[in-house]
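The values are calculated or read from the model by the stated rules, or taken from the named source; none is laboratory data. Please read these numbers as outputs of a predicted model, since none were measured by experiment. Neighbour counts are summed over all protein chains in view; Cβ atoms, including those assigned to glycine, are modelled from backbone coordinates with ideal geometry. Each accessible area value is taken on the protein alone, full model and side chains, heavy atoms only, with ligands, DNA and RNA left out. Shrake-Rupley method; radii C 1.70, N 1.55, O 1.52, S 1.80 Å.
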Amino acid sequence: LFTKDKERRDILLNATTRRGPSGEVIGVIGVGQDITQIREITGEQERVADDLSRLIESANAPIFGVDMEGMVTEWNRKSAVMTGFTKLETMGKNFVQNFIQQENRHSVSEVLRKAFIGEETANFELPLLSKHGERYSVLLNATSRRDAKGNITGVVGVGQDITELQQVLAESKRVADDLTRLIETANAPIFGIDTEGNVTEWNAKASRLLGFSKAETMGKSLVQNFITEEFKQSVDEVLAAALAGKETANFEFPLFTKDKERRDILLNATTRRGPSGEVIGVIGVGQD
């Protein structure tokens with residue numbers, strides 16, 4: 001209906017036949033309810049729901065949903081691209097039984113079980129197996145899905161593909177492990193200090209050469225404990241320069257053994273840096 005001012009009003013109408021004294025139809029009586037505001041609210045809810053559906057479908061993150069039986073109800077485009085399973089192939093199928101590897105089913109089922117009772121999980125590492133046997137690692141937030149009355153109707157999972165990141169981290173760890181073994185087994189004395197001048201590295205060759213075990217040196221001041229008084233200043237200057245980013249090559253570095261014998265070391269002092277490029281110490285590689 002339209003008002004005198006041309007405003008539209010939506011009416012929910014019951015139209016009832018009107019009859020005369022003899023039962024003949026004489027007209028219609030209409031009883032209405034103004035549902036204009038309800039329609040506006042419903043229209044806004046539908047718009048939000050449509051926006052959310054498009055967001056889920058087009059998101060550059062794998063998103064899936066399951067109902068209370070664990071059956072797939074959502075499977076967006078990114079999930080399909082990653083796993084090779086189309087939405088049609090996944091909808092209505094058991095998520096854990098069909099798309100999670102045997103060894104991970106218990107932990108994934110536990111995350112879903114918690115979400116079914118309102119206990120949401122953040123940053124859970126979800127292993128996914130693609131249609132072609134490729135393994136993906138997804139960092140997942142599992143959120144309870146609720147209806148208009150607040151009742152839990154399932155779970156929606158929003159993930160981040162960290163497969164490549166994990167590969168990079170694994171490679172970094174491998175390189176770090178190789179470097180640690182190289183330092184430890186090198187046929188040259190190698191030591192390290194932190195920014196306070198305390199020992200953080202002391203390899204097997206340094207232990208054999210000087211008689212001090214790694215346990216005896218770690219955490220102690222290199223200059224104060226292992227350099228004689230007359231050389232402390234010059235060694236301190238070299239280490240301070242390296243801590244400031246100025247590296248030194250072929251510096252004659254006098255060390256004394258546990259038995260007070262002097263050993264002359266030709267030293268390369270190199271700045272040691274953290275992941276962000278900040279100076280975290282000095283590594284010294286010597287030659288007796």
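Within segment 21-42, name every residue whose backbone N is under 16 Å away from a label modeled 7 Å from Cα of residue 15 along the Cβ vector.
It comes to 25-33, nothing else.
Subtract the Cα-Cα distance of residue 143 and residue 214 from 0.36 nm times their separation in residues, and report this length gain in nm to one decimal. Each step should come with its number before you reach the end.
Numbers: separation 71, 0.36 × 71 = 25.56 nm, distance 4.93 nm.
Length difference between fully extended and current span is 20.6 nm.
Top mean-square fluctuation among 270, 86, 163, Gaussian network model of the chain, C-alpha springs under 10 Å?
270
About the Cα centre of segment 169-242, how large is the charge dipole given +1 on each Lys and Arg Cβ and -1 on each Asp and Glu Cβ? Please answer in debye to the nearest 20. Before the final figure, lay out the partial values.
Values: 8 positive and 12 negative charges, 69 e Å.
Rounded to the nearest 20 debye, it is 340 debye.
Would you mind pulling out the separation of the Cα centroids of segment 6-30 and segment 130-167, in Å?
54
With point charges of +1 on the Cβ of Lys and Arg and -1 on the Cβ of Asp and Glu, referenced to the Cα centre of segment 134-220, which listed residue (137, 153, 203) lies farthest in the positive direction of the dipole?
Most positive-ward Cα: 153.
How big is the accessible area of residue 161 in square angstrom, nearest 10, if you roll a 1.4 angstrom probe over the protein chains?
It works out to around 60 Å².
Beyond 35 Å, what share of the Cα-Cα pairs of the chain is found? Please give it as a whole percent.
57
Report, in debye and to the nearest 20, how large the dipole of segment 127-277 comes out about its Cα centre when Lys and Arg carry +1 and Asp and Glu carry -1 on their Cβ.
The calculation lands at about 700 debye.
If I take the Cα coordinates of segment 92-139 and project them onto the principal axes, what are the three extents in Å, biggest first?
The principal-axis extents, from largest down, are 34, 24, 19 Å.
Among 24-36, 243-255, how do they line up by average Cβ neighbours within 10 Å per residue, starting with the highest?
Details: 24-36: 10.5, 243-255: 14.8.
Peptide ranking by packing, descending: 243-255, 24-36.
For the chain, set up a Gaussian network in which alpha carbons nearer than 10 Å are linked by springs, and say which option among 76, 141, 151 fluctuates the most.
Per the Cα network of the chain with a 10 Å cutoff, 151 tops the list.
Let me know the charge dipole size of the chain about its Cα centre in debye, to the nearest 20, where only the beta-carbon of Lys, Arg (+1) and Asp, Glu (-1) is charged. Walk me through the numbers on the way to the answer.
Values: 36 positive and 43 negative charges, 191 e Å.
Dipole size: approximately 920 debye.
So what is the 222 nm mean residue ellipticity for the chain from helices alone, if each DSSP H run of at least 4 adds -39500 (n - 2.57) and you divide by all residues, rounding to the nearest 500 deg cm²/dmol?
Details: 10 runs with 102 residues, N = 288.
Computed ellipticity for the chain at 222 nm equals -10500 deg cm²/dmol.
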